[in-house]
Amino acid sequence: MNPILIIVIVLGLLVLFASFFTVKQQTAAILERFGKFKVIRQSGLHLKIPLIDKVAGRISLKIQQLDVIIETKTLDDVFVKLKVSVQFKVIKDKVYDAFYKLDYPHDQITSYVFDVVRAEVPKMKLDDVFVKKDDIAIAVKLELNEAMSSYGYDIIKTLVTDIDPDAQVKEAMNRINAADREKTAAQYEGDAQRILIVERAKAEAESKRLQGKGIADQRREIARGLEESMVVLNRAGINSQEASALIVVTQHYDTLQAIGADTNSNLILLPNNPNAASSMLTDMVASFAATNQVGESMKNLKAKKKSE
């Protein structure tokens, strides 16, 4: 075979293969002819004129994310680092603007993020930065959308993903938080102690009330028993004075019996000799009789004064 023919065939094949090009999904290819923009090709297989047409570049239409870290100062003079994540994509109908109007979109977006954050954060105190981080993100998104839409970029979402104050500030915040929690714990503990004291006082008051009621009931029953004993003794021909003395002596012996039942008792009851009971009975009868005589004399004296 003629070598020239072989060369022609090879060159023809090379030209044929160079005439086709492919574009991946979610990608746009910019085709130029002699350095001038010709057309934008979307995903698929396309044809171009070799050595005349050239694929100048390809732009992804996927959503991209750019993380920007900014250090700024708050209203209360605290330096803080913020991480702002910007999600954006190239608008499908504005691929021309995105390719030809802007060389470094990441740098452009970063500059706008710096500008907005350093304008918003110095108006807030550190605590407000944590609380209002969504407001910061919204402000960044609005500013970026207004600026980048003319370059063919759509800002999908902006997020403040991290707020990092100075290490000393974080340590101070942790100490304040710990102290506040200890204060709250002390308050709860104090409330618990107060409730416990109140409940103990209530229980003690209730115990004393029931104890007093028991003593009152006991004394009421003793009085009723004494009354019944007096009636029985009076029926047996024993007068009230002798009956009272007899009851006291009986209680005296009951007391001695109760003391003797307790082996650990240190109580000494005086008098405690064998003749104490009879002497006590005689003395009580005599005292009752003397009391009655004094009462009768007082009554007679009052009656005499009234008659005069």
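So, counting K/R as plus one and D/E as minus one, what does the shell of residues with Cβ under 15 Å around residue 49 add up to? Write out the running numbers ahead of the final one.
Details: positive: 33, 36, 38, 41, 48, 54; negative: 32, 53.
Charge balance in the 15 Å sphere: +4.
Just to check I understand the Karplus step: with θ = phi - 60° and J = 6.51 cos²θ - 1.76 cosθ + 1.60, what whole-Hz values come out for segment 93-99, glycine and proline as x?
7, 10, 4, 4, 5, 5, 7
When Rg is the radius of gyration of the Cα atoms in segment 47-142 and Rh is its Kirkwood radius, what does Rg/Rh come to? Before the final figure, lay out the partial values.
On the way: Rg = 18.5 Å, Rh = 15.7 Å.
So for segment 47-142, dividing Rg by the Kirkwood Rh gives 1.18.
Straight-line reach from residue 183: which lysines fall under 28 Å, measuring Cα to Cα and dropping same-chain residues less than 8 apart?
List returned: 125, 132, 170.
With the Cα gyration tensor of segment 164-232 giving a ≥ b ≥ c as the square roots of its eigenvalues, does the rule (a/c under 1.5 for rounded; else a/b larger than b/c for prolate; else oblate) give rounded, prolate or oblate? Can you show the working numbers first?
Details: a/c = 17.14, a/b = 14.93, b/c = 1.15.
Prolate, because a/c is 1.5 or more and a/b exceeds b/c.
Considering only protein heavy atoms and a probe of 1.4 Å, how much of the accessible area of segment 1-67 is carbon and sulfur, as a whole percent?
Values: 3210 of 4780 Å².
With neighbouring chains kept in place, the figure for segment 1-67 is 67 percent.
Just to confirm, what accessible area per residue do you get for segment 92-220 at 1.4 Å probe, in whole Å²? Each step should come with its number before you reach the end.
Values: 9080 Å² over 129 residues.
Value for segment 92-220: 70 Å² per residue.
Quote to one decimal, in nm, the extra length available between residue 37 and residue 18 on full extension: 0.36 nm per residue of separation minus the C-alpha distance between them.
Details: separation 19, 0.36 × 19 = 6.84 nm, distance 1.90 nm.
Length gained between residue 37 and residue 18: 4.9 nm.
With 20 Å as the limit, write out which pairs from 36/94; 38/89; 81/123; 24/48; 24/92 have Cα-Cα distances beyond it, or answer none.
Values: 36/94 17 Å; 38/89 23 Å; 81/123 15 Å; 24/48 16 Å; 24/92 14 Å.
Violating the 20 Å limit, Cα to Cα: 38/89.
Between residue 25 and residue 166, what's the calculated FRET efficiency when r is the beta-carbon distance and R0 is 41 Å? Round to 0.05. Write out the running numbers ahead of the final one.
Working: r = 46 Å, r/R0 = 1.13.
Result of the calculation: an efficiency of 0.35.
Amide H neighbours of residue 124 under 5 Å, at least 5 residues apart or on other chains, H built in the peptide plane: list them.
Amide H neighbours of residue 124, under 5 Å, 5+ apart: 75.
Taking only protein heavy atoms into account and a 1.4 Å probe, give the accessible area per residue of segment 1-75 in Å².
Details: 5190 Å² over 75 residues.
That works out to 69 Å² per residue.
The values are calculated or read from the model by the stated rules, or taken from the named source; none is laboratory data. No experiment lies behind these values; they were computed from the predicted model shown. Here the Cβ is made from the backbone with ideal geometry for all residues, glycine too, and neighbour counts use every protein chain on show. Keep in mind that these areas ignore ligands, DNA and RNA; they rest on the heavy atoms of the full protein, side chains included. Shrake-Rupley method; radii C 1.70, N 1.55, O 1.52, S 1.80 Å.
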